[in-house]
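Q: Got a structure for you, written out below as structure tokens; questions coming shortly.
Every read-out reported here was derived from the displayed coordinates using simple, explicitly stated rules and does not represent laboratory data. Computed from a prediction, not measured in an experiment: that's the story for all the values here. No Cβ is skipped: glycine too gets one built from the backbone with ideal geometry, and neighbour counts run over all protein chains shown.
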Ligand SMILES: NC(=O)c1ccc[n+]([C@@H]2O[C@H](COP(=O)([O-])OP(=O)(O)OC[C@H]3O[C@@H](n4cnc5c(N)ncnc54)[C@H](O)[C@@H]3O)[C@@H](O)[C@H]2O)c1
């Protein structure tokens, strides 16, 4: 049994689906179902006894402690977080609460559980914390990519809250010998990403012939990774990564935001030639405060130590992604209409098992 948190969100749900497909262990999935958590992402698992979904907060120590005792997992994978930089700028409190205090509560319960395990289970146990490249701050145009030893320099409340949690993980390993591993990944894209993030927002706006808002001059650079490649990397680190280590995960896919949007426009042109060129919808808007200029990941450690490499290039991954959104317009419409939030409130009692 493994214990996953945040498994109804974008990356978490892709991970849960991939895990159930590729691995034999069952999985408990603890998710608070905030605005970003969507049980519809997991609809193909309804009735699958290997997936146990629990609605609840990682900061609820009594619940976490009970679940650990009940299910006796050999690993915890922590995806649960507030994840949107723009939201952290407008309201940082939830970020501090979940990303720092919530991770702390989860860690404390995990440490108590792990301390009481018999030696063979104790040796096997892992706590994998999913973090981000944003903890390293921003790079200049000619700077080398971030490595695992790049000093932390977070510049948004989101990045600062993730950095704080990463420090706790490191300290728990150093102080208690707790078998914590951190992965720091670059920007993900793929199916089921909440449509506030750049790629789904642009695909959906473009499809509906709405403006494509690009921050500033559009020259901010991100390193893009297809979500299935990230999930495969997390599974590999869980199986073979060394406790106490951090692993950078990146797609070697540096692109300016403007080039990403143009690539989406080209795919939409193919899908709907009468509306071409979709680039006419691009509109430059006031930049995000403190917008980091460039992120780039040096992922040589995970490749050399564990043999991980991304399967998708940006071109192949983006094509799959655009096709997924075009085929799943109803999924996005239910989110943007608020229909799914009402459905969640009706169907999932808070802190109940489902
Ligand atoms: N999206 C990216 O590009 C990216 C890149 C690198 C790292 N990450 C990290 O990966 C993780 C997942 O990111 P995502 O994009 O899937 O985020 P997301 O916002 O789509 O999903 C987050 C999930 O966590 C759940 N959650 C939030 N607060 C919770 C709490 N207190 N208790 C239990 N569940 C809670 C939400 O309901 C949601 O299902 C995050 O830790 C994020 O920092 C994301």
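Q: Quick check: pseudo-label points 7 Å beyond the Cα along Cα→Cβ at residue 62 and residue 300, how many nm apart are they?
A: Placing both labels 7 Å beyond Cα along the Cβ direction yields 5.2 nm.
Q: To the nearest 10 degrees, how steeply does helix 314-327 sit against the main Cα axis of the chain, on a 0 to 90 scale?
A: Orientation of helix 314-327: about 90 degrees from the principal axis.
Q: Of 215, 176, 189, which has the largest mean-square fluctuation in a 10 Å C-alpha GNM of the chain?
A: Result for the chain, Cα springs under 10 Å: 176 fluctuates most.
Q: Going by alpha carbons, how many degrees (0 to 90, nearest 10) lie between the helix axis of 103-115 and the longest principal axis of the chain?
A: Helix 103-115 sits at roughly 30 degrees to that axis.
Q: Once every DSSP H run of n ≥ 4 in the chain is given -39500 (n - 2.57) and the sum is divided by its residues, what mean residue ellipticity at 222 nm do you get, rounded to the nearest 500 deg cm²/dmol? Show your work: numbers first, answer last.
A: On the way: 13 runs with 146 residues, N = 354.
Using -39500 (n - 2.57) per qualifying helix, the result is -12500 deg cm²/dmol.
Q: Next question, about the same structure. Under 15 Å from a point 7 Å along the Cα-to-Cβ line of residue 86: which residues of the stretch 128-149 have their amide N that close?
A: Within reach of a label on residue 86: no residues.
Q: Can you tell me how much longer the chain between residue 25 and residue 171 gets when fully stretched, taken as 0.36 nm per residue apart minus their C-alpha distance, in nm with one decimal?
A: Values: separation 146, 0.36 × 146 = 52.56 nm, distance 2.91 nm.
Contour length minus the Cα-Cα distance gives 49.6 nm.
Q: How much length is gained on full extension from residue 35 to residue 196, taking 0.36 nm per residue of separation minus their Cα-Cα distance? The partial results should precede the final answer.
A: Working: separation 161, 0.36 × 161 = 57.96 nm, distance 1.09 nm.
Full extension of this stretch gives 56.9 nm more.
Q: Let me ask another. Express in whole angstrom the spacing between the alpha-carbon centres of the stretch 140-210 and the stretch 212-283.
A: What the calculation gives is 13 Å, centre to centre.
Q: Please compute the Kirkwood hydrodynamic radius of the chain from all pairs of different C-alpha atoms, in Å with one decimal. Write down the numbers at each step before the final one.
A: On the way: mean 1/r = 0.0483 Å⁻¹.
About 20.7 Å, per the Kirkwood formula over Cα pairs.
Q: A follow-up question, please. Distances longer than 17 Å among the Cα atoms of the stretch 1-61: what percent of all pairs is that? Walk me through the intermediate numbers first.
A: Working: 525 of 1830 pairs.
When all Cα pairs of the stretch 1-61 are counted, 29 percent exceed 17 Å.
Q: Cα axis of helix 157-176 to longest principal axis of the chain: angle in degrees, 0 to 90, nearest 10?
A: Roughly 30 degrees between the two axes.
Q: So how much slack lies between residue 337 and residue 288, counting 0.36 nm per residue of separation and subtracting their Cα-Cα distance, in nm? It would help to have the intermediate numbers written out before the result.
A: Working: separation 49, 0.36 × 49 = 17.64 nm, distance 2.54 nm.
Answer, rounded to one decimal: 15.1 nm.
Q: Kindly rank 239-246, 280-287 from highest to lowest mean number of other beta carbons found within 10 Å of each residue.
A: Details: 239-246: 15.9, 280-287: 13.2.
Result, highest mean first: 239-246, 280-287.
Q: Evaluate the distance, in nm, between pseudo-label points positioned 7 Å from the Cα of residue 149 and of residue 124 along their respective Cα→Cβ axes.
A: Those two pseudo-labels are separated by 3.5 nm.
Q: While we're looking at this one, here's another question. Rounded to the nearest 0.05, what FRET efficiency do residue 240 and residue 266 have when you use their Cβ-Cβ distance and R0 = 45 Å? Please list the in-between numbers first.
A: Details: r = 38 Å, r/R0 = 0.85.
Using R0 = 45 Å, I get an efficiency of 0.70.
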